[in-house]
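Read the structure below first, then the notes.
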Amino acid sequence: MTRIAVITGGASGIGRAIATGLVLRGDSVVVADLDKERAESVAARLSERGTAEAAALDVTDAEQVAALYRDVAERHGRLDLVFNNAGIAVGGRTDELTLDHWNKTLDVNLRGVIHGVHAAYPILLEQGHGHIVNTASLAGLVPAPLMLPYTTTKHAVVGLSLALRAEAAPRGVRVSVVCPGFVDTPLLDNANPDLPATEAGTHAREAALKVQRRLYTPEALARDVLRGVEKNQAMIVAPASARAAWRGVRLSPEGAVRIAGRSLGRLGSTVTDKPNG
């Protein structure tokens, strides 16, 4: 049976790869994104291989999110898969960051997920089935310096997802959380969007490559995600290096903190040294 899926942040990176994977296996997809033109372009290409449509969506607007999910459920008669995937990357030393950095990250990465859950969960409960998949990050499982607003939101999304999973399971609704390591997406090229630039934000891709020798592809992660959804995994952590890091934190939290601190030295002076002037 064709499933109806909504993917926020679906016009690029991980979201686009998930949308593509869903369409290729016969599902009907709504590509929702703040960038309407890009969402329409992605949906048009996917429509050549299956069923896809575009929707302009600002996940920080709760009413917009609720309206989209109601519309999709009413038009299709159900809502099967909800991917709360939209997010931004914000990086910098904590003393460099302003409250604008914090608030923008909270609005998109955490409230955006909350808005998606708040809108979709009642629909899924009423129909008695469905799966919510929230995108967090490995930064939501391990100490991740130089990106405190980001890692704060991602830890929150992990906690939200696991607690909701426990609450939702007896009522027929599934919940999973995705925690990828560094993935080769525009997120790393567009750190601190519409916010003051910082050294760590400017060099996000270089820093990621120094921590993880090779960036994971969105397509590989999408395969992991869809496989994890089919298995109803609580946490989908990929690639293998991310799972190893997560395991290390569980074995020795203090050791993981020490390793994270030492890793700052490997990121280079362009990230850790204060700029002159």
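Computed from the C-alpha gyration tensor, the three semi-axes of the ellipsoid equivalent to region 1-141 are 26, 17, 13 Å, from longest to shortest.
Amide H to amide H, with H built 1.01 Å from N, residue 55 comes under 5 Å of 31, 32, 33, counting only residues 5 or more places away or on other chains.
A DSSP coil position with no more than 11 other Cβ atoms inside 10 Å describes the following GluC sites (Glu not before Pro) in region 1-100: 48. From a point 7 Å beyond the Cα of residue 258 in the direction of its Cβ, which residues of region 121-159 have a backbone N at a distance under 16 Å? Of the residues in region 121-159, 143 have backbone N under 16 Å from the label point off residue 258. Label-to-label distance for residue 250 and residue 47 is 4.4 nm, based on points extended 7 Å past Cα in the beta-carbon direction. Computed over region 72-146, the alpha-carbon pair-distance distribution with 10 angstrom bins reads 17, 39, 25, 14, 5, each value a whole percent. Here the gap between residue 171 and residue 2, fully extended at 0.36 nm per residue and compared with their Cα-Cα distance, gives a gain of 58.6 nm.
No value in this document is a laboratory result; all are computed from the given coordinates. Please read these numbers as outputs of a predicted model, since none were measured by experiment. Virtual Cβ from ideal backbone geometry, glycine too; neighbours counted across all protein chains shown.
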